[in-house]
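Visitor: Please find one structure pasted underneath; my questions will follow.
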Amino acid sequence: QQPVQSPQAVILREGEDAVINCSSSKALYSVHWYRQKHGEAPVFLMILLKGGEQMRHEKISASFNEKKQQSSLYLTASQLSYSGTYFCGTGPRTNSGYALNFGKGTSLLVTP
Amino acid sequence: DTGVSQNPRHKITKRGQNVTFRCDPISEHNRLYWYRQTLGQGPEFLTYFQNEAQLEKSRLLSDRFSAERPKGSFSTLEIQRTEQGDSAMYLCASSTQGDQPQHFGDGTRLSIL
């Protein structure tokens, strides 16, 4: 089941904050966050594990609410380099591996 | 750490032809994943290896798709009798054991004429 991301797109001015949400209808064991720039590979940002702590990568942090089966990515004081498409990948753990179900992505544009 | 390497970067072929892509994972990573990504979508899981064993395949993966990882090192993904709907970016990722970050290669973009 593909997780649902919101919003689909957001435009920010440099220095503004944004929140991207990722919700699943299935129980989650983990949530992976990636950023992808046009024509490039997705780049790993952080993992949130069930029962784990809120994570942080530079000025980007994320939370994981197990009861609500959702995760949120917080971008603080956005920089131009934050522009790209953000994907959450959710891991209801399979029997043998950690294949991720990715959402459709949230397109973020940071303007000067 | 040289990263995940994929070849070729681009492949253009006629409908009905067979194509093969290669992925070289990060050397110490024993897990290797193949995903497919189309425009405006997130990566879609295709199949996964732990060492040389193919442990999971997506139900979306038709019989025309086959993947191998001989000796647990590089992997190949072959698509037989390509169709228009196969046009996509094919991404390879690798990781260590457990619920660890998956590091993606730059992908192979397949275009079917």
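Derivation of every value follows stated rules applied to the coordinates shown; laboratory data play no part. Fair warning: this is a prediction, and the values are worked out from it, not measured in the lab. We place every Cβ from the backbone using ideal geometry, glycine too, and count neighbours over all the protein chains shown.
Visitor: If I filter region A:22-44 down to residues being out of contact with any Leu (no Cβ under 8 Å at 6 or more places or on another chain), surrounded by 18 or more Cβ atoms within 10 Å (Cβ to Cβ) and without any contact (Cβ under 8 Å) to a residue 60 or more places away in the chain, which single residue comes out as farthest from the other protein chains (Cβ to nearest Cβ)?
Guide: Here the residue is A:Ser23.
Visitor: I'd like to verify a number: residues in region B:57-102 that are charged (D, E, K, R), crowded, with 18+ Cβ neighbours inside 10 Å and not in a loop (DSSP other than H, G, I, E, B), how many?
Guide: 1
Visitor: For region B:104-113, give me each residue that is part of a strand (DSSP E or B) and either in contact with a strand residue (DSSP E or B) (Cβ under 6 Å, 6 or more places away or on another chain) or of a type in the set (Phe, Trp, Tyr) (or both).
Guide: Of everything in region B:104-113, those that are part of a strand (DSSP E or B) and either in contact with a strand residue (DSSP E or B) (Cβ under 6 Å, 6 or more places away or on another chain) or of a type in the set (Phe, Trp, Tyr) (or both) turn out to be B:Phe104, B:Thr108, B:Arg109, B:Leu110, B:Ser111.
Visitor: Also, I was wondering about something else. Just to be sure before I move on: is B:Arg15 touching a residue at least 60 places away in the same chain (Cβ under 8 Å), more than 24 Å from A:Thr106 (Cβ to Cβ) and more than 14 Å from every other protein chain (Cβ to nearest Cβ) in the structure I sent? Give the steps one after another, and end with the answer.
Guide: Values: touching a residue at least 60 places away in the same chain (Cβ under 8 Å): yes; more than 24 Å from A:Thr106 (Cβ to Cβ): yes; more than 14 Å from every other protein chain (Cβ to nearest Cβ): yes.
When the stated conditions are applied, B:Arg15 passes them.
Visitor: Answer yes if at least one residue in region B:44-52 is polar (S, T, N, Q), exposed (fewer than 14 other Cβ atoms within 10 Å of the Cβ) and in contact (Cβ under 8 Å) with a residue 40 or more places away in the chain, and no otherwise.
Guide: Taking every residue of region B:44-52 in turn, none turns out to be polar (S, T, N, Q), exposed (fewer than 14 other Cβ atoms within 10 Å of the Cβ) and in contact (Cβ under 8 Å) with a residue 40 or more places away in the chain.
Visitor: Run down A:Gly105, A:Gly91 and say which single residue is within 14 Å of chain B (Cβ to nearest Cβ) and at positive phi.
Guide: A:Gly105
Visitor: Right, another one. Taking region A:44-86 only, how many residues are farther than 28 Å from B:Val4 by Cα and of a type in the set (A, V, I, L, M, F, W, C)?
Guide: Going through region A:44-86 one residue at a time, the tally reaches 2.
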